[in-house]
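The structure appears right after this line, and notes come after that.
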Amino acid sequence: MAFNIMGSDIYLPKQTWKGEDFDSHLGLKPGTSEHKYGVEKRYIASGHETAISMAGEAVLGALKNATLHIDDIDFIIYASATHHQTLPYDAAAVLAYLKAPTKLTSVDINSSCLSFLSALDYAQCLFLAKRHQRIVIVSSECGTGITLNKTTPASIEVATLFSDGAAAFVLQAEPSAKGFTGAYFETHHQGYELCQVRGGGSAVNPHTHSHADLLAASQFEMNGKALFRQMAIAMPAFLEKGLQLANINKQYIDYLLPHQASHRAINKLPRLTGFAKHKVVNNVAQLGNQIAASLPINLHLLRQQIAQSREQISSSEKPHTVLLFGTAAGLSLGMGLLTL
């Protein structure tokens, strides 16, 4: 017992910034954001667009594509890194937005950029335990609000990197399906302080810190060079071990779908992983790093690409094996396999 993907959809904010918009905002020489940081386009939430509204619209689209209604769902998992607010939890906010029936079970999962992979793994376990018939996973991120104000030389790359958006997937129990297999995770906690938002919890107490301290603690901080070095060291051995545990050879994997961490990281993946460049899904120039929404947004686009290819050749060609892989603040690494 596992699951099939019945439908998926994404929501991308209406406002977009191009490289020249970042150049102007950050006071950079024209062309810097595009040529140095790989920016073609970023999606910036504004006005009425919140993480919850984007999540709700993505869920409605995914349900429509699955020819289902919210009443048909048993369980919803909100899998994201940034919060709409501290309390209540975000899955409840999405259900309120959807005016969903009270029978739905719901939960938040936060493992930073790996939240969607963690949610897939959790859903797989629930299906194996025969707990639910249909599950919705939704990831939604409004990260640009805590990154766009970066103007120091060390943080300009951060400001040009992030983008907002949401994605939702409808999963349905199916006895003969594989679902999410080969799940493997590691947490290299030595890198815990390399990527963080310190505010919003007990670490920076609002009763003992100044307003300026609270504001600073609410901003995204990253030591990009140190983070990349640690990731580059850990990644090859992690992937090798994960593939061995999954009992699959690289040659049988059709696509490597990575978290779109950065322009530099994506371009180095073929050398670091041994996967051919044409197998690596790379949309970071057009979409940026959408935090936990990055993997499901790109997975939805890959599903569309595969479906269109099948329609063009009027064929039900063999299933495609996709290796989802990512790194996250923590420093955590995760992977797993889907068949599309």
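The values are calculated or read from the model by the stated rules, or taken from the named source; none is laboratory data. The structure displayed is predicted, hence computed values, not measured ones. All Cβ positions, even for glycine, are placed from backbone atoms using ideal geometry, and neighbour counts span all protein chains on display. Surface accessibility is based on the protein's heavy atoms, side chains included, excluding ligands, DNA and RNA. Shrake-Rupley method; radii C 1.70, N 1.55, O 1.52, S 1.80 Å.
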Give the residue from 37, 278, 148 lying farthest towards the positive end of the charge dipole for the chain; charges sit on Cβ (+1 for Lys and Arg, -1 for Asp and Glu) and the dipole is referred to the Cα centre.
278
In terms of the charge dipole of the chain, which places +1 on Lys and Arg and -1 on Asp and Glu at the beta carbon, the residue among 68, 233, 338 farthest towards the positive end is 233
Sequence-distant lysines (8 or more away, or on other chains) whose Cα lies within less than 23 Å of residue 250:
178, 241, 268, 277, 279, 318
Computed from every Cα-Cα pair in the stretch 34-159, P(r) in 5 Å bins starting at 0 and rounded to whole percents is 2, 10, 18, 20, 19, 13, 8, 6, 4, 2, 0
A 1.4 Å probe over the protein heavy atoms gives the stretch 270-333 a carbon and sulfur accessible-area percentage of 49 percent
Pull up all non-local amide H partners of residue 289: gap of 5 or more, or a different chain, and H-to-H distance under 5 Å with H placed in the peptide plane.
162, 163
Which of the GluC sites (Glu not before Pro) found in the stretch 3-106 are loop residues per DSSP with 15 or fewer other Cβ atoms within 10 Å of their Cβ?
40
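Need one number: % antiparallel among DSSP beta bridges in the stretch 234-340, to the nearest 5.
60 percent
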Have a look at the DSSP beta bridges in the chain and tell me what percent are antiparallel, nearest 5.
70 percent
Could you run the Karplus curve 6.51 cos²θ - 1.76 cosθ + 1.60 with θ = phi - 60° over the stretch 264-277 and give me ³J(HN,Hα) per residue in whole Hz, x for Gly and Pro?
5, 5, 4, 5, 8, 4, x, 5, 6, 9, x, 8, 4, 4
Under 29 Å from residue 14, Cα to Cα: lysines that are on another chain or at least 8 residues apart
29, 36, 41, 64, 99, 150
Total charge of the residues flanking residue 12 in space, meaning their Cβ is under 13 Å from its Cβ, with Lys and Arg +1 and Asp and Glu -1, is -2
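Restricting things to alpha carbons, find the Rg to Rh ratio for the stretch 104-166 using the Kirkwood radius for Rh. Walk me through the numbers before you get to the answer.
Details: Rg = 16.5 Å, Rh = 14.1 Å.
Taking Rh as the inverse mean 1/r over Cα pairs, Rg/Rh reads 1.17.
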What ranking, highest mean first, results for peptides 191-201, 326-336 when packing means the other Cβ atoms within 10 Å averaged over each residue?
326-336, 191-201
